[in-house]
Amino acid sequence: AVTECMREVWARHRLLGNCVAPSAEKLARMEPGSALHSLALGNGKRIRVVEAKDWKTEAAREQRAVARAAGEIPILGKDMGDLEMAAAHIIENLRTQLDISLERGIAEQKIYWNEPSSVGDVLCDGIPDWHDGHGNVIDLKTTDGSVHPDACAKAIVNSAAIIQDCAYRNAIVSQDPSLAGRTSMTFAFAQRKEPFCVTLVRCDGAMQHIGETRWLRAVELWAQCLAKGREAEHWPQHTQRPIEVHAPGWLLVREMELEAAENE
């Protein structure tokens, strides 16, 4: 996430700290989205359907553990209908709105490329959900909540998506430099539950500029830390000294209103 400090980045990276494994709760939250990716894109991990009412029984939990150990996505049979319907809506919206067929493209394949920094090139890698080899990139964002345009915009700003917009376009250009200035990144926000709405979102010029600034800053921070060493002490926490937190404006206004009400 864009709010992580470099120490957290170190802890999560598989070649550095590698000491933060996703919790069982986080895995359970992620798996429906992963399954929907596989269904819509036609690539990714295999789905293992578990015929059970829920995950509360020991037998169901055992089947889930076996699936995870095999690198598969465990999904309850009762949930598959919704996921298949959601995948169909994603495919149809991309076809009708963008004239894009997910069957004709490259899905979930890792790309390696270099980004410049003040201490030399930084090797980067990423896995775009889908691209067509001609500059069009699709990234799926699935949710059980709203895909109202305002909610989508907020999600992009407050997550790594605003950085993805720059990083993945750079990755595509690294594979074919003739695509520079001709890439298009579309986020497909899709509901996993009825009514299965899909909202297609692109970042405007200002959003792209912010994403590029954040991405270049992240690359530079990574390069500076890695140049010092792979040990945790070279990857700083959020702050190295005590800080002051400031009261937000809305809190000050509320307190003034309460004080005024008490004095009436």
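The values are calculated or read from the model by the stated rules, or taken from the named source; none is laboratory data. Bear in mind that the values here come from a model prediction, so they are computed numbers and not experimental data. Cβ atoms come from the backbone with ideal geometry, glycine included; neighbour counts cover every protein chain shown. Keep in mind that these areas ignore ligands, DNA and RNA; they rest on the heavy atoms of the full protein, side chains included. Shrake-Rupley method; radii C 1.70, N 1.55, O 1.52, S 1.80 Å.
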*asked:* Contact list please: Cβ distance under 7 Å, first residue in segment 229-254 and within 30 Å of Arg14 (Cα to Cα), second residue among the aromatic types (Phe, Trp, Tyr), pairs at least six apart or on different chains.
replied: Ala232/Trp10; Trp235/Trp10
_Criterion violated by Ala206 - all others in (1) outside any loop (DSSP other than H, G, I, E, B); (2) modelled with pLDDT under 95; (3) over 30 Å from Ala11 (Cβ atoms) satisfied_ = (2)
*Limited to segment 127-145, what total is found for residues that are surrounded by fewer than 19 Cβ atoms within 10 Å (Cβ to Cβ) and in a loop (DSSP other than H, G, I, E, B)?*
7
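This table checks each residue for (1) more than 23 Å from Glu108 (Cβ to Cβ); (2) touching a residue at least 60 places away in the same chain (Cβ under 8 Å); (3) outside any helix (DSSP H, G or I); (4) out of contact with any Cys (no Cβ under 8 Å at 6 or more places or on another chain).
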position	(1), (2), (3), (4)
Gly17	yes, yes, yes, yes
Lys26	no, no, no, yes
Ser34	no, no, no, yes
His37	no, yes, no, yes
Asn43	no, yes, yes, yes
Ala52	yes, no, yes, yes
Arg61	yes, no, no, yes
Ala65	yes, no, no, yes
Gly71	no, no, yes, yes
*If you take the residues in segment 146-178 that are of a type in the set (Gly, Ala, Ser) and open to solvent by less than 10 Å² (accessible area, probe 1.4 Å), which one is farthest from Trp113 (Cα to Cα)?*
Ala161
*Output the residues belonging to segment 117-126 that are open to solvent by 80 Å² or more (accessible area, probe 1.4 Å) and either free of Cβ contacts under 8 Å to residues at least 40 places away in the same chain or in contact with a Phe, Trp or Tyr (Cβ under 8 Å, 6 or more places away or on another chain) (or both).*
Asp121, Leu123
*Only one residue in Val219, Val245, Val198, Val253 is open to solvent by less than 70 Å² (accessible area, probe 1.4 Å) and farther than 21 Å from Val122 by Cβ. Which one?*
Val198
*Do the conditions hold for Ala188, that is, is it touching a helix residue (DSSP H, G or I) at 6+ places or on another chain (Cβ under 8 Å), in contact (Cβ under 8 Å) with a residue 40 or more places away in the chain and buried (at least 16 other Cβ atoms within 10 Å of the Cβ)?*
yes
*Please tell me if Glu92 is surrounded by fewer than 18 Cβ atoms within 10 Å (Cβ to Cβ), at pLDDT below 95 and either hydroxyl-bearing (Ser, Thr, Tyr) or not in a strand (DSSP E or B) (or both).*
no
*Within segment 108-126, tally of residues that are in contact with an Asp or Glu (Cβ under 8 Å, 6 or more places away or on another chain), farther than 18 Å from Ser184 by Cβ and of a type in the set (A, V, I, L, M)*: 1
*Run Asp99 past the list (1) open to solvent by less than 30 Å² (accessible area, probe 1.4 Å); (2) on the phi > 0 side of the Ramachandran plot; (3) not hydroxyl-bearing (Ser, Thr, Tyr) and report the number of the one that doesn't hold.*
(1)
